[in-house]
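Presented below is the structure to which this report refers.
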Amino acid sequence: MATITVAGYIGSVDVDSNRDDPIVRASIADNQKQKKDEETIWYSFTLFGKFAEKMGAYIKKGAFFVVSGQLVPKSYQTNGGESRMSLNIYNPSLTFGPKNKSIEESKNDDYYKDDGIPF
């Protein structure tokens, strides 16, 4: 299986904490620009147990995260018979992104500044 890392904003979030084993289901958007076109690719991931219990308080729609894990594509058919593909990230690890900053605002941080090193 391929490993993937996606940096983006959280879309939908479903927290089910009324169980013995809490579950958080969420999606993350990856916006890709090619010339003048922009395409958004959505990935789904699920957290379980203590990790879900702890992270459920932080995973909110619009929050910026970096999610890494195994990419598992799954094909399915809609009720209308149309073939579709879902992209799922299994065994995810999460990293908090810049707090309350847009991507453009984050580019002003020292991390993105040119330090003259050619690599």
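Just so it is clear, none of the values below were taken in a lab; they were calculated from the coordinates. Bear in mind the structure is a predicted one, so any value in this text is a computation, not a measurement. Quick reminder, even Gly has a Cβ in these numbers, built from the backbone with ideal geometry, and neighbours come from all protein chains shown.
Can you list the GluC sites (Glu not before Pro) in the range 33-93 that are in a DSSP coil and have 16 or fewer other beta carbons within 10 angstrom?
Taking the range 33-93 and a limit of 16 other Cβ atoms within 10 Å, the loop GluC sites (Glu not before Pro) found are GLU82.
Calculate the dipole size of the range 1-98 relative to its Cα centre from +1 charges on Lys and Arg beta carbons and -1 charges on Asp and Glu beta carbons; express the result in debye to the nearest 20.
Details: 11 positive and 10 negative charges, 37 e Å.
The dipole magnitude comes to about 180 debye.
Would you work out the Kirkwood radius for the range 2-112? I mean one over the mean of 1/r across all pairs of different Cα atoms, in Å.
Values: mean 1/r = 0.0654 Å⁻¹.
The Cα-based Kirkwood calculation yields 15.3 Å.
Per-residue HN-Hα couplings for the range 57-66, Karplus 6.51 cos²θ - 1.76 cosθ + 1.60 at θ = phi - 60°, whole Hz, x for Gly and Pro?
Whole-Hz 3J(HN,Hα) from phi for the range 57-66: 6, 9, 7, 10, 4, x, 6, 8, 9, 10.
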